[in-house]
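Have a look at the structure below before the remarks.
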C-alpha cells in the first residue's frame, strides 16, 4: 500500500471523526429542552413597580438648538496668468 492510500484514508475517514462527534454533541444538546427550575425566581432584590422619574434635562447646547453661524465672507482670489517659458515671451510695448 502506497502513500496515496493513507492520504485518502486520512482525509476520508480520520478527519470525519471530529465532525461526527460535533454533530452528535449538537444533537445531544438540542434533543431535550431545558427544564425550568421551580422556585422563587432566582433571588435578588425585588424591583420597584413604580420607577422614579428622572429630573428634567437642561436644554441642549451647541448645534442642536442654536442657530447656525453665518458663513464666512467669500474672498475672490486673482487668477494666475498661464506660465510661459522665458524664451517665448512676447515683447510688451
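Every read-out reported here was derived from the displayed coordinates using simple, explicitly stated rules and does not represent laboratory data. What you are looking at is a predicted structure, and each value in this text was computed from that prediction instead of being measured. Quick reminder, even Gly has a Cβ in these numbers, built from the backbone with ideal geometry, and neighbours come from all protein chains shown.
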Exercise. Between residue 24 and residue 10, what is the label-to-label distance in nm when each label sits 7 Å out along the Cα-to-Cβ direction?
Worked result: 2.4 nm
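Want the number for residue 48 to residue 86: 0.36 nm per residue separation, take away the alpha-carbon distance, what's left? Mind showing how you got there, number by number?
Working: separation 38, 0.36 × 38 = 13.68 nm, distance 8.80 nm.
Computed gain between residue 48 and residue 86 is 4.9 nm.
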